[in-house]
1. I'd like to compare 129-138, 396-405: which one has the highest average count of other Cβ atoms within 10 Å, and what's the full order after that?
2. Taking each full run of DSSP H in the chain as one helix, which ones are at least 15 Å long along their axis (Cα atoms) and have mean Kyte-Doolittle hydropathy of at least 0.0?
3. For His364, what charge total do you get from the other residues with a beta carbon under 15 Å from its beta carbon, if Lys and Arg give +1 and Asp and Glu give -1?
4. How many angstrom lie between the Cα centre of the range 56-70 and the Cα centre of the range 145-184?
5. Assigning unit charges at the beta carbon (Lys, Arg +1; Asp, Glu -1) and nothing else, what dipole magnitude in debye, to the nearest 20, does the range 284-403 show about its Cα centre?
6. With the crude spin-label approximation of a point 7 Å out along Cα→Cβ, what separation in nm comes out for Gln337 versus Glu294?
7. For a quick check of understanding: with a 1.4 angstrom probe and all protein chains in place, what accessible area in square angstrom does Ile363 have, to the nearest ten?
8. Report the FRET efficiency, 1/(1 + (r/R0)^6), for Glu263 and Glu112, where r is their Cβ-Cβ distance and R0 is 45 Å, rounded to 0.05.
Amino acid sequence: APALPPARHLFSDPAEVEALRANLLAWYDRCKRNLPWRALAATEPDADRRGYAVWVSEIMLQQTQVATVIDYYNRWMQKWPTLQALAQASLEEVNELWAGLGYYSRGKRLQEAARKVVSELAGRMPRTAEDLQKLLPGVGRYTAGAIASISYGQATGVVDGNVIRVLCRLRCVGADSSSPSVIDQLWDMANVLVDRSRPGDFNQALMELGATVCVPKAPLCGQCPVKQHCQAWRRKLFGKPPPVPDVEDCGVGDCPLCPPATEPWDSSLGVTNFPRKAAKKPPRAMRTATCVLERRGCHGAPEYLIVQRPSSGLLAGLWEFPSVPLAQDLKEEKERQELADHLQAWMEQPVAAKGLQFIGEVIHIFSHIHQTYVVYSLYLDGDVTLDPALSPSRWVTEEEFHASAVSTAMKKV
Ligand code: SF4
């Protein structure tokens, strides 16, 4: 069995744990933000509806800011207030509502999982974190813990990015916080800390603290409700690790949770010495040529051609202007030609490369891709027949374009 980490990194004093819980919960009761999913979780008497309401919020909040999620969440819950309603929706409707929120596979998986609950679990949400994770596709350890603690009162901890930051600071964890062994230790800490009588509020309080006080760059330690329990804060004040009674200091270099010996505490960083992560891989650079094809519609208004992306991979199933990925470092002339060839295959008629009008470049950052769209436009005079063997396509007005399941990147284009 792996050795237990040195006690200075653990929450081993029950009195301290009690005090930390009480301080954090009191602060949460005073300062928490009013968010629609919190109101639903607190007032919805039906357990399945409560679980569903929390589940939707947790999936939307993965990788997306609270301020952005609120409007999407309200519209989603209005359109599909129950699992049963969501199970009957089409993927196209889900994508349309999700458009602009990013990471589109989240909406698709949520809907697939809702169908599973309705068809295989008689519409009843699993009630524990273990069952939620086991039975619902797309529900990982964090989401399962959040739903079970907030909706069903299970005393189980959660670890997300905010919790990682707070725990690493509270216990001076400076080893790589993305490594599986450190993450396991943080889950153990979260499970020790979680308040037994108010687990959902406690977990939300810990995340709220990370989101509003113990923020990444300039944490507001002076206003922090748990600063007296924070070893990083005390270390900043006193310049050395706080003494822990009856515990020997971690040995330099061989503690699994201390910063590596080559990168010791940097006093200019203060509490932001923690957490530490191995350097991220830089995003991959991609170039795509895209063409806004325009024609005069039957009522005289301009219409634009959009085509559907494949049903798996990046932006699966979303609609876009006809686009073709480009090799890096092509000459402008060659890029234009590649796009013309691509359009020609679509329209089964010759497209002259020099007829494409260059509009500009649009940069969009996906989490792991630095994407440049090279944008052209082409006005079509006569009618065109599109090859029906290719991806689905349709002509839309500007208004219809904005209501379609198109990505933020395409809206920029
Ligand atoms: Fe975070 Fe500062 Fe509070 Fe410690 S005292 S938990 S570093 S905000």
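The values are calculated or read from the model by the stated rules, or taken from the named source; none is laboratory data. Only a predicted model underlies this, so the values are computations on that prediction, with no experimental measurement involved. Backbone-built Cβ (ideal geometry, glycine too); neighbour counts: all protein chains shown. These accessible areas exclude ligands, DNA and RNA; they are computed on the full protein's heavy atoms, side chains included. Shrake-Rupley method; radii C 1.70, N 1.55, O 1.52, S 1.80 Å.
1. Put in order of decreasing packing, that is 129-138, 396-405.
2. Once both thresholds are applied, what remains is 47-61, 141-152, 180-193.
3. +3
4. 18
5. Dipole size: approximately 300 debye.
6. 2.8
7. 90
8. 0.55
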